[in-house]
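Undergrad: Just passing along the structure, written as structure tokens.
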Amino acid sequence: MKHDVDVVVLGGGISGSCIAKVLAEKQWETALIDRRNFPRHKVCGEFLSPEAQSTLHALGLTESVVSLHPTRIEWAKLIFEQGREIELLIPGAAWGISRYMMDEALHTAAMQTGAQLHLTTTVTGIEQHGKGYTVRARQGTDTKLFHARAVITAWGANSRMAKTGHRPDAAASCQQAYIGIKTHYAGLKMEPVIEMYFFQGGYLGLCPVEDGSVNAAALLNRSEFVKKGNSVLSILEAAIQRNRRLAERLATAVPVHDTQAAIAPVYLQRKPSPWDGLPRIGDAAAMIAPLCGDGMSMALRSAALCAPLADAFLRGSISLLEWEQRYTQAIRQEFANPLRWGSLLQWLMNKPTVQQLLPSAARFAPLLANGLFRATRLKPLEPLEFYTEC
């Protein structure tokens, strides 16, 4: 089956759905492709920072998310292995919302503006030619051909296509490898707070979400936990037992059936990588340390930065090279400092000495901890500016 479109977006997560919605709204024929089915649970802290909310507004998606009744989160609490803790006020308040609900809402918003949604569709090849691109895909026994003027990759940090096609991550083997896991718990009462528990080999966050359950998401050193079990819950239990207060907190909590998810290996990026033959958005472009709580915000922001440039390219206002240069500059300008500080925080929080000293330092110099985490945040986003000329 052949599809003639203006733009193909590869990956139906947050960034892919958002840019598909915006471009379809601009009257471009847009195809959004993902190899998996939705809705589904994904490894994510499910914490939507205040900075992300300004981006949602710029993308015209605030109502879509508010309609899901996200949980309001006003504080962050950091609990260390020795039992000591730090409390941080979240300026403006954040939201707790499951990816299961949010991804489906974003897909609906994209389709309502005219985007085509192709789920359970695996991309097998991308060819560039004089008039654009041909994307080859397979859905079951059917072969699909998409002829497009532009292709945008939102295929996440661990895409098979990324590794076999346009994205040779040669440096990944030299980096620390992690495992990301998550589940939802029932029977756990929480204040409007996100709780972060640190222990040897990783950390775990508890975030209340829209249906009254609590999302538990952990980032663990792969070398320490890969042999701790053959299921998400067994690995999670091994991690939980490394922090006494976390074990006590979850003693009576019940894992919610079919909410478990895992991803490995996970490599955190120190520098953004916004272009590699094709524009990259979401985790494909940049992946900040999860403890910063700005992963979804970065995914949304990358879509917001790329969309006006994609629109300008499709209109003929800028060339492909200009799109690459402007988008690369915008991503580096927005993401370089948060990624650098996020990498520093990730390194610091893995040091037992830092975990011992930080609570006392925060008590005597309360601006210190707030300043460290504020350095990882994105700035509020103004309304999107679409280009009309070179």
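Undergrad: Just for the stretch 46-59: of the residues that are of a type in the set (Gly, Ala, Ser) and out of contact with any strand residue (DSSP E or B) (no Cβ under 6 Å at 6 or more places or on another chain), which one is surrounded by the most Cβ atoms within 10 Å (Cβ to Cβ)?
TA: From the stretch 46-59, those of a type in the set (Gly, Ala, Ser) are 49, 52, 54, 58; that's our starting set.
Subset that is out of contact with any strand residue (DSSP E or B) (no Cβ under 6 Å at 6 or more places or on another chain): 52, 54, 58.
On the way: Ala52: 26, Ser54: 22, Ala58: 21.
By that ranking, first place goes to Ala52.
Undergrad: Which of (1) buried (at least 22 other Cβ atoms within 10 Å of the Cβ); (2) at pLDDT below 95 is the odd one out, the single condition Arg332 does not satisfy?
TA: (1) is the only condition that Arg332 fails.
Undergrad: Right, something else. Of these, Ala238, Ala217, which one is outside any loop (DSSP other than H, G, I, E, B) and free of Cβ contacts under 8 Å to residues at least 40 places away in the same chain?
TA: Working: Ala217 fails: free of Cβ contacts under 8 Å to residues at least 40 places away in the same chain.
Sole residue among the options that is outside any loop (DSSP other than H, G, I, E, B) and free of Cβ contacts under 8 Å to residues at least 40 places away in the same chain: Ala238.
Undergrad: What residue, among those in the stretch 267-304 that are surrounded by 21 or more Cβ atoms within 10 Å (Cβ to Cβ) and part of a strand (DSSP E or B), is farthest from the chain's Cα centre (by Cα)?
TA: For the stretch 267-304, the residue satisfying everything is Pro279.
Undergrad: Okay, moving on. Kindly indicate whether any position in the stretch 51-61 is within 18 Å of the chain's Cα centre (by Cα) and closer than 26 Å to Leu348 by Cα.
TA: Scanning the stretch 51-61, I find at least one residue that is within 18 Å of the chain's Cα centre (by Cα) and closer than 26 Å to Leu348 by Cα, so the answer is yes.
Undergrad: Any residue that is among the hydroxyl-bearing types (Ser, Thr, Tyr), outside any helix (DSSP H, G or I), touching a Cys at 6+ places or on another chain (Cβ under 6 Å) and in contact (Cβ under 8 Å) with a residue 40 or more places away in the chain - is there at least one of those in the stretch 325-344?
TA: For the stretch 325-344, residues among the hydroxyl-bearing types (Ser, Thr, Tyr), outside any helix (DSSP H, G or I), touching a Cys at 6+ places or on another chain (Cβ under 6 Å) and in contact (Cβ under 8 Å) with a residue 40 or more places away in the chain: absent.
Undergrad: Give the residues of the stretch 241-266 that are in a helix (DSSP H, G or I), touching a residue at least 40 places away in the same chain (Cβ under 8 Å) and small (Gly, Ala, Ser), sorted by residue number.
TA: none
Undergrad: Of the residues in the stretch 213-231, how many are under 19 Å from Asp258 (Cα atoms) and either modelled with pLDDT of 95 or more or within 20 Å of the chain's Cα centre (by Cα) (or both)? Even if it seems obvious, please write down each step before you answer.
TA: Restricting attention to the stretch 213-231, the residues satisfying the condition of being under 19 Å from Asp258 (Cα atoms) are 213-218, 229-231.
If we keep only those that are either modelled with pLDDT of 95 or more or within 20 Å of the chain's Cα centre (by Cα) (or both) as well, we get 213-218.
Final tally of qualifying residues: 6.
Undergrad: Looking at the stretch 7-45, which of its residues are in a loop (DSSP other than H, G, I, E, B) and either buried (at least 20 other Cβ atoms within 10 Å of the Cβ) or among the aromatic types (Phe, Trp, Tyr) (or both)?
TA: So the first thing to find is which residues in the stretch 7-45 are in a loop (DSSP other than H, G, I, E, B), and the list is 11-13, 26-29, 34-45.
Passing the criteria: Gly11, Gly12, Gly13, Trp28, Asp34, Arg35, Phe38, Lys42, Val43, Cys44, Gly45.
Undergrad: Here is a follow-up. Consider Met101 carefully, then state whether it is in contact with a Leu (Cβ under 6 Å, 6 or more places away or on another chain) and more than 30 Å from Leu246 (Cα to Cα).
TA: For Met101, the condition - in contact with a Leu (Cβ under 6 Å, 6 or more places away or on another chain) and more than 30 Å from Leu246 (Cα to Cα) - is not met.
Undergrad: To continue, here is another question. Just checking, which of Ile90, Ile79 is among the aliphatic types (A, V, I, L, M) and modelled with pLDDT under 90?
TA: Answer to the selection: Ile90.
Undergrad: Just name the residue that is modelled with the highest pLDDT out of those in the stretch 133-171 that are in a helix (DSSP H, G or I) and out of contact with any Phe, Trp or Tyr (no Cβ under 9 Å at 6 or more places or on another chain).
TA: Step by step, filter the stretch 133-171, then rank; the result is Arg160.
Undergrad: Only residues that are in contact with a Ser or Thr (Cβ under 7 Å, 6 or more places away or on another chain) and under 24 Å from Leu348 (Cβ atoms): list them for the stretch 187-226, please.
TA: Ala216
Undergrad: Go through the stretch 287-335 and count every residue that is of a type in the set (Val, Ile, Thr), within 30 Å of Leu220 (Cα to Cα) and touching a strand residue (DSSP E or B) at 6+ places or on another chain (Cβ under 7 Å).
TA: Final tally of qualifying residues: 0.
The values are calculated or read from the model by the stated rules, or taken from the named source; none is laboratory data. As the structure is a computational prediction, the values presented were derived from the model and not from experiment. Neighbour counts run over all protein chains shown; Cβ positions are idealised from the backbone, glycine included.
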